[in-house]
Each structure stands twice: as structure tokens, then as C-alpha cells.
1. Using 1/(1 + (r/R0)^6) with R0 = 41 angstrom and r between the beta carbons of GLN138 and TRP52, what's the FRET efficiency to the nearest 0.05?
2. Under the Karplus relation 6.51 cos²θ - 1.76 cosθ + 1.60, θ = phi - 60°, what is the ordered set of whole-Hz ³J(HN,Hα) values for segment 113-123, x standing for Gly and Pro?
3. Skipping prolines and chain starts, which residues have an amide H placed within reach, meaning under 5 Å, of the one on SER47, given they are 5 or more residues away or on another chain?
4. Could you look at the chain and say what percent of its accessible area is carbon and sulfur, using a 1.4 Å probe and all protein chains?
5. Binning at 10 angstrom from zero up to the longest distance, how are the C-alpha pair distances of segment 94-134 distributed in percent?
6. Averaging the inverse of every distinct alpha carbon separation and then flipping it gives the Kirkwood radius. What is it for the chain, in angstrom units?
7. With every protein chain kept in place and ligands, DNA and RNA left out, what is the accessible area per residue of segment 19-76? Probe 1.4 Å, answer in Å².
8. Quick one: 3J(HN,Hα) in Hz for segment 68-77, Karplus 6.51/-1.76/1.60 with θ = phi - 60°, rounded, Gly and Pro as x.
Amino acid sequence: MMLAAPIVRWVSERWLGRPVEAPAAFVAALAQIFEQPVDHVRIFECSPYARWHAGARATTRRNRILLSGPANGFWSDPELVLHEYFHVIRQWQAGRLTILRYTIEALQRGYWLNRYEIEARAFASHHLCQLQELLNQQSSNRPFPFATRHC
């Protein structure tokens with residue numbers, strides 16, 4: 001039994017990627033935006049599973065965000081952060097999103113017209129300025145290094 005944990009950890013890291021901690025400023029700001037805790041969401045960088053999703057910078061599953069590349073690229077794109085957290089918090093966690101539902105939607109409408117993606121993009125766009133403001137308030141000595149859109 002003592003061998004099971006290292007094996008599970010090894011397989012998990014080889015499949016899901018390396019677990020990384022979400023920056024505290026993001027956790028606090030996202031909790032305000034979503035009006036619920038988000039610290040249970042686990043982030044994995046350099047995920048082989050995410051890379052299987054051709055062209056995707058990230059993919060989500062229940063309580064997980066799997067990044068195809070390094071986490072620092074993710075955290076420097078607040079719109080992508082909001083988009084992926086929306087999938088986890090408002091879709092997976094609420095039971096609205098499943099692999100089967102997403103697959104059917106994607107096959108019928110493609111990526112851009114997929115209702116799950118449309119909702120996530122709209123949410124991210126609507127809350128981007130709020131996230132940037134919250135992050136900048138928490139780091140009053142220096143603004144976060146992103147300026148994808150002026151608010």
C-alpha cells in the first residue's frame with residue numbers, strides 16, 4: 001500500500017502535468033468575482049492531456065485546469081484565466097458540462113459556436129476589467145504585467 005501513492009503521483013504527473021499553486025492574488029480576486037471559493041481548483045502545467053487537445057492552451061475537467069504550456073503564460077493572460085475558471089466553476093461544478101455534452105456540442109457547432117465556449121468567452125470579457133482592478137489593488141506597489149485590454 002505504501003507504494004501506491006508514489007505510483008499514483010507518477011502517473012498523475014505524466015498524464016495531467018505538474019501541479020502548480022495558483023497565485024494568492026488570483027485566488028482572492030477570482031473568489032470575489034465568482035462569489036465563492038476557488039481554491040479547490042487544481043492547476044497543472046505542461047499537461048500531456050491538454051496537448052492532446054490540438055491547438056488548445058488549456059482544457060478543463062471537474063475541479064481541474066490542465067495547461068498545455070507553463071503556468072506563467074496562463075497567469076499573464078487574465079482573460080484566459082477567467083475563461084477556464086468559468087468552465088470549472090460555473091459549468092463543470094454545476095453539472096452543466098460533461099465530456100459527452102461538450103463533445104456533442106463541439107461536433108454539432110464546432111469550437112467557436114459551441115455554447116460552453118460562447119458562455120465562457122462572454123463571462124471572461126465581461127469580468128476582465130474587474131479582475132485587472134482587483135489584482136492591481138492587491139499589488140499596489142506594482143501593477144500586474146498584462147495589458148491585453150484597457151479598462
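1. Details: r = 35 Å, r/R0 = 0.85.
Between GLN138 and TRP52 the formula returns 0.70.
2. 9, 5, 4, 5, 6, 4, 4, 5, 5, 5, 4
3. Those lying under 5 Å, H to H, from SER47 are LEU67, SER68, GLY69.
4. Values: 5190 of 8820 Å².
Within the chain, the accessible surface is 59 percent carbon and sulfur.
5. Once binned at 10 Å, the Cα pair distances of segment 94-134 give 28, 40, 24, 7.
6. Working: mean 1/r = 0.0615 Å⁻¹.
Hydrodynamic radius (Kirkwood, Cα only) of the chain equals 16.3 Å.
7. About 49 Å² of surface per residue is accessible.
8. Along segment 68-77, the couplings run 6, x, x, 5, 4, x, 5, 5, 8, 10 Hz.
The values are calculated or read from the model by the stated rules, or taken from the named source; none is laboratory data. Small disclaimer: the values here were computed from a predicted structure and weren't measured. Neighbour counts run over all protein chains shown; Cβ positions are idealised from the backbone, glycine included. Heavy atoms of the whole protein, side chains included, go into the accessibility calculation; ligands, DNA and RNA do not. Shrake-Rupley method; radii C 1.70, N 1.55, O 1.52, S 1.80 Å.
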